[in-house]
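A short worksheet on the structure shown next.
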Amino acid sequence: MKVLKFGGTSVGSPERIEQLLPIIRSQQSDKHLVVLSAVSGTTNDLVKLSELYENKDIEAAYKHIDGLQQKYIKFVNELFKTEKGILEALAFIDKIFDLFYQFKHKNFSSTAERIILAQGEIISTTLFHLYLKEKEVSSVLLSALDFMVIDEDKEPNIDEIRKQAAVEIAKYPEDTLFITQGYICRNAQGEIDNLQRGGSDYTASLLGAALQTEEIQIWTDIDGFHNNDPRYVQNTKSIARLSFDEAAELSYFGAKILHPQSVFPARKYNVPVRLLDTMNPSAVGTLISGEATNQNQIVAIAAKDGITAIRIQSSRMLMAYGFLRKVFEIFERYKTPIDMITTSEVAVSLTIDQTENLSEIIRELNTFSAVEIDSEQSIICIVGDFRKNNHGYATIVSEAVKHIPIRMISYGGSENNISLLVPSAFKVEALRSLHNRLF
């Protein structure tokens with residue numbers, strides 16, 4: 001079995017959906033499990049609807065529902081070719097949008113919001129299933145809510161996913177094409193929940209790992225990882241092969257093609273991940289596996305925006321044992337991960353990208369230290385083979401950005417990553433300078 005995940009742009013129009021079946025058939029395997037995101041733009045529309053209900057702006061919510069429904073009516077009439085197919089799809093769309101109107105009588109809650117957000121993937125998978133039915137192609141529509149589960153800490157329960165998904169698939173021994181939703185799941189209380197934004201990649205990786213499939217394929221609108229960001233840098237090239245560690249660094253530090261969490265289940269269970277382009281199915285793309293194929297070279301550069309740097313100084317506590325533990329406990333208490341950290345005899349500097357609890361964190365840090373904040377920073381991540389026996393890379397990197405103000409440098413914490421923190425205003429210049437020097 002292969003898992004094939006198609007993102008929002010890959011199902012973003014009737015023409016794109018029509019391209020899916022030839023792609024699926026071209027991927028030779030005894031069975032295919034297809035994971036779909038919501039149609040491009042739909043999740044944003046559903047977030048907006050939830051906000052309108054939360055603000056009790058019922059009239060605007062109704063207008064928003066009507067506008068979205070008209071989009072889908074047009075979508076259905078363009079996708080389906082027979083009267084029977086159109087009527088069946090429109091009846092399904094009516095049922096979904098009737099559900100949206102039901103929230104007008106309720107005190108809107110996070111549970112209601114999650115139910116609304118789940119409908120995007122339910123719509124896309126059902127329309128694709130009905131489209132295949134119209135074309136007389138046999139497929140099974142599986143509800144992700146029957147097997148995708150997270151625990152009290154919102155972490156996927158992969159053993160339960162394995163067991164329940166296998167049970168659902170085994171119900172259809174003669175079928176070879178299965179369709180399910182990305183992103184959505186049930187939480188420990190049995191309520192509809194989700195894997196957060198980018199969760200369709202995560203769904204595909206979890207299912208591929210749990211079921212020990214041949215391969216996990218992520219189909220999107222670019223031909224794999226590139227060696228730099230093509231939005232800002234000219235003449236970038238796709239990377240044929242990456243290790244799991246290299247892909248994890250790139251996705252976490254800004255490469256948008258793959259959700260950062262998606263690498264970890266595949267790496268744990270050693271299931272290869274292939275990134276492919278729905279606009280150019282014949283492109284080689286990027287294969288991510290446990291093999292280290294990029295030895296003694298720099299592979300790629302990525303950038304992560306929205307970074308806040310925090311400098312913590314305490315002459316009374318810094319040299320005392322337990323100081324760093326005290327600092328880290330504060331960030332742990334507020335569930336705020338740290339991206340980079342550097343230390344000296346007089347200060348600790350670190351970075352975060354989640355600032356929801358920043359004021360509370362600063363308040364606690366101020367009880368035993370002086371704190372300085374620098375916002376609007378970017379992390380530039382250079383990924384390659386930086387094992388301790390290799391040398392010279394730090395010099396090459398520093399030479400490339402010697403004209404750019406560097407706030408922090410992290411080198412040695414990973415064998416695959418050198419990270420630079422720069423003001424966001426210098427991000428594009430840093431990407432281009434590094435690209436010109438390194439490639």
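The values are calculated or read from the model by the stated rules, or taken from the named source; none is laboratory data. Keep in mind that this is a model prediction, so the values were computed, not measured. So basically every Cβ, Gly included, is an ideal-geometry build from the backbone, and we count neighbours across all protein chains shown. Side chains included, ligands, DNA and RNA excluded: accessible areas come from the protein's heavy atoms. Shrake-Rupley method; radii C 1.70, N 1.55, O 1.52, S 1.80 Å.
Give me the dipole magnitude in Debye, nearest 20, for the chain about the Cα centre, with unit charges on the beta carbon: positive for Lys and Arg, negative for Asp and Glu.
Values: 46 positive and 57 negative charges, 131 e Å.
Roughly 620 debye, rounded to the nearest 20.
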**Report entry** For the chain, with +1 on Lys and Arg beta carbons and -1 on Asp and Glu, the positive-most of L52, N228, S398 along the dipole
**Finding:** S398
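Just flag the GluC sites (Glu not before Pro) in the stretch 119-177 sitting in loop per DSSP whose Cβ has no more than 15 other Cβ atoms within 10 Å. Kindly include the intermediate steps, with their values, before the conclusion.
Numbers: sites: E121, E134, E136, E152, E160, E168, E174; in loops: E136, E152, E174.
Passing sites in the stretch 119-177 are E136, E152, E174.
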Query - Accessible area of T343 in the full protein assembly, 1.4 Å probe (Å², nearest 10) - result: 90
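Tell me the mean residue ellipticity at 222 nm calculated for the chain from its helices only (DSSP H runs of n ≥ 4, each -39500 (n - 2.57), averaged over every residue, nearest 500). Display every interim value, and only then the final one.
On the way: 13 runs with 172 residues, N = 439.
One gets -12500 deg cm²/dmol as the mean residue ellipticity at 222 nm.
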Requested in this report: For the stretch 188-255 and the stretch 56-73, write down the distance between their C-alpha centroids in whole Å.
Outcome: 33
Report task. Rounded to the nearest Å, what's the spacing between the alpha carbon centres of the stretch 346-424 and the stretch 269-284? Just the number, please. Result -> 32
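Please work out the average accessible area per residue across the chain, using the 1.4 Å probe convention, and give it in Å².
Numbers: 20610 Å² over 439 residues.
That works out to 47 Å² for each residue.
Assign unit charges at the C-beta atoms only (+1 for Lys and Arg, -1 for Asp and Glu), then state the dipole size of the stretch 1-158 relative to its Cα centre in Debye, rounded to the nearest 20. List each step's numbers first, then the result.
Details: 19 positive and 23 negative charges, 80 e Å.
Roughly 380 debye for the stretch 1-158.
Ratio of the chain's C-alpha Rg to 2.2 N^0.38 Å, to two decimals? Present the calculation step by step, with values, prior to reporting the outcome.
Values: Rg = 23.8 Å, N = 439, 2.2 N^0.38 = 22.2 Å.
Normalised Rg, Cα atoms only: 1.07.
How large is the charge dipole for the stretch 297-404, taken about the Cα centre, if only the Cβ atoms of Lys, Arg (+1) and Asp, Glu (-1) carry charge, to the nearest 20 debye? Intermediate results must be reported in sequence, preceding the final value.
Values: 11 positive and 14 negative charges, 79 e Å.
That gives the stretch 297-404 a dipole magnitude of about 380 debye.
On the protein heavy atoms, probe 1.4 angstrom, tell me the percent of accessible surface of the chain carried by carbon and sulfur.
Values: 9810 of 20610 Å².
In the chain, the share of accessible area belonging to carbon and sulfur is 48 percent.
With 25 Å as the limit, write out which pairs from K71/K104; K71/K171; K74/K135 have Cα-Cα distances beyond it, or answer none. Present the calculation step by step, with values, prior to reporting the outcome.
On the way: K71/K104 22 Å; K71/K171 35 Å; K74/K135 19 Å.
Pairs exceeding the cut-off: K71/K171.
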Query - Eligible lysines near K154 by straight Cα distance, threshold 19 Å, same-chain separation 8 or greater - result: K163, K268, K335
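Scan the stretch 344-431 for GluC sites (Glu not before Pro) in coil per DSSP, keeping those whose Cβ has at most 15 other Cβ atoms within 10 Å, and list them by number. Walk me through the numbers on the way to the answer.
Details: sites: E345, E356, E360, E364, E372, E376, E399, E415, E429; in loops: E345, E356, E415.
Answer in residue order: E345, E356, E415.
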Report summary line: Computed from every Cα-Cα pair in the stretch 49-161, P(r) in 5 Å bins starting at 0 and rounded to whole percents is 2, 10, 18, 18, 16, 14, 13, 8, 2, 0
**Report entry** Beta bridges by DSSP in the chain, antiparallel share as percent, to the nearest 5
**Finding:** 60
Query raised in the report: Using a 1.4 Å probe, how large is the accessible area of T176, given in Å² and rounded to the nearest 10?
Result: 70
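Please list V284, V428, V346, V11 from largest to smallest accessible area, probe radius 1.4 Å, with all protein chains kept in place. Before the final figure, lay out each step's value.
Numbers: V284 110, V428 45, V346 80, V11 0 Å².
So, going from the largest accessible area down, we get V284, V346, V428, V11.
Mean projection of the alpha-carbon convex hull of the stretch 143-266 over all orientations, in nm²? Don't skip to the answer; put the middle values down first.
Values: hull surface 34.4 nm².
Here the figure is 8.6 nm², rounded to one decimal.
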